[in-house]
Structure formats: structure tokens, C-alpha cells
Amino acid sequence: MMSEVPSSIDPGAVPRVRPPDTVLNGVGIWRGWLDPQAQATLVECLRGLVRAAPLVTPVTPGGRPMSVRMTAAGKFGWVSGPKGYGYATQHPSGVPWPPIPASVMAVWESLSGCPRALECMLLNWYAEGARMGLHQDRDEADLSCPVVSISLGDSALFRVGGTERRGSTASLWLESGDVAVMGGASRLAYHGIDRVRHGSSRLLPGGGRINLTLRVVT
Ligand code: MD3
Ligand code: FE
């Protein structure tokens with residue numbers, strides 16, 4: 001006799017090993033998904049990545065320099081300059097983007113619920129005083145794929161609203177090791193980082209915050 005297989009198993013569905021700890025305006029948040037050891041190992045990997053593809057100061061669509069500095073890994077990264085902005089296959093220096101760390105790939109596979117392969121990891125660096133204004137992420141072609149965010153280092157006050165800029169918003173502190181998944185209706189939610197509590201984490205010796213956002217671009 002054949003062994004019993006639960007009929008509910010869908011080979012296309014990627015199981016999430018645990019439900020989110022919090023859902024804020026449709027954004028799922030897994031607290032401490034990466035433990036302190038995994039965070040430290042990942043930071044070492046990111047140090048090498050930043051040496052290969054140095055941080056750059058992006059400009060807003062309005063032409064103002066951002067306080068956050070950025071680089072990327074994977075098939076695509078984000079570039080901006082006086083001539084405009086968008087996804088590109090090379091760092092502004094002309095080097096290809098470094099590969100996405102394996103531990104980051106594993107986060108995508110565990111929590112995105114997305115059948116498509118990860119194409120881009122953007123790295124945002126928040127030095128003391130850096131913030132990110134309320135915006136939507138809508139430059140990716142396939143909006144059925146979520147954006148997944150990994151927070152490392154100092155705690156950040158994350159704000160998320162609805163799909164219209166003027167709507168009401170809710171906030172929470174993202175801490176080192178937390179992972180947030182923006183899928184479904186929340187994929188086009190307005191969001192930003194109001195402030196970072198400098199020195200709140202001991203992961204990075206001089207303080208500061210790293211945010212990794214994982215994306216399918218095409
Ligand atoms: C909600 N980064 O890189 S991550 C960004 O912490 C960005 O650096 C912030 O916004 C950061 O674009 C916030 C959480 C996040 C990322 C993408 C989203 C929330 C999102 C896309 C849609 C809705
Ligand atoms: Fe964003």
C-alpha cells in the first residue's frame with residue numbers, strides 16, 4: 001500500500017516555517033529571524049561586498065543627495081545620478097555587482113513565498129542621522145513578487161501606510177535580525193525610516209544600521 005501523502009501539499013507553494021510575529025499594514029515581520037551569530041557572519045560577508053562594490057550616495061528623483069548610502073549584489077543593483085535612476089547590471093565604477101550571500105538567498109527562500117529567483121539585494125547604510133523619506137517601491141516589473149527586508153545593527157523606526165501617500169500610517173521599531181516581507185496589498189504601500197537609534201545595537205562597533213532589501217526586478 002502506498003504511504004499517505006497529505007493532499008494539501010502544493011509543490012508550487014513555499015512553506016513558511018513559522019507565521020510572522022507581527023503584521024503591520026500587511027507587512028509581515030519575523031523578529032530575530034537571524035540570530036546574533038548569523039548576523040555577525042553576514043556582516044563579515046558584507047564587509048567584503050562593500051570593498052568590491054563601494055557605497056555610493058544616491059540622489060532622489062528630485063536631485064537631492066540622500067542621507068542613506070547604497071550598494072548592491074546580484075544580477076541588478078540600483079544606481080542614480082544626474083541622468084536619472086534605475087536598475088543596472090553594474091556598479092557605477094563599472095564592476096559587476098558581487099554575488100548575493102548564500103545566507104541571504106536562504107532568507108528569500110524561507111520567507112518570500114515567491115517561486116521566482118532572487119535578482120537583487122540592495123544594501124542601505126544608515127550612518128548616524130540618516131533616514132529615508134516616505135516612498136513606494138514600484139520600479140520592479142513583477143509586482144506579484146514581494147520585497148523582503150533584513151535589518152542589521154541599530155534599531156530603526158519603520159513607518160508604513162497604504163497605497164496612497166496621504167493615508168494613515170503605523171510605525172514600529174525594526175531591530176537587528178528582524179526580517180520584514182512586503183507582499184500582496186502591502187507591496188505598493190508607502191513606507192520609510194523616520195529615525196535610527198544610534199548605538200542601540202552592538203553588532204557594528206561604531207554603530208549604524210544596514211538594511212538589505214531583496215527583490216525580483218524583471
Ligand atoms: C514596504 N528600505 O530600500 S525596508 C528601500 O530600512 C527601503 O532601508 C527601508 O524602503 C530601509 O526601498 C525600509 C522595509 C521595506 C522595504 C520595501 C518595501 C518596506 C517596504 C516595499 C513595499 C512596502
Ligand atoms: Fe522602499
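Read-outs: derived from the displayed coordinates by stated rules, not from any lab. What you are looking at is a predicted structure, and each value in this text was computed from that prediction instead of being measured. Here the Cβ positions follow ideal geometry from the backbone for every residue, glycine too, while neighbour counts run over all protein chains shown.
Relative to the dominant Cα principal axis of the chain, helix 102-111 is inclined by about 50°.
Would you kindly state the longest site-free stretch of the chain, with sites defined as trypsin sites (Lys or Arg not before Pro) in a DSSP loop (not H, G, I, E, B) surrounded by at most 13 other Cβ atoms within 10 Å? That would be 32-82. In this simple spin-label approximation, E109 and L55 carry label points 7 Å from Cα along the Cα→Cβ vector, and these lie 3.0 nm apart. Here the calculated FRET efficiency for D35 and K83, from their Cβ-Cβ distance with R0 = 35 Å, stands at 0.25, rounded to the nearest 0.05.
Residues C120, C45, C114, ranked from the fewest to the most other C-beta atoms within 10 Å, line up as C45, C114, C120. Relative to the dominant Cα principal axis of the chain, helix 36-52 is inclined by about 50°.
Loop-located GluC sites (Glu not before Pro) across region 117-207 with a Cβ neighbour count of 15 or fewer within 10 Å are E128, E164, with loop assigned by DSSP.
Between region 128-160 and region 65-81, the alpha-carbon centres lie 13 Å apart.
Remark: C-alpha extents of region 22-215 on the principal axes read 41, 40, 37 Å, sorted largest to smallest. Considering helices alone, the calculated mean residue ellipticity of the chain at 222 nm is -4000 deg cm²/dmol, with DSSP H runs of length four and up weighted by -39500 (n - 2.57) and normalised per residue.
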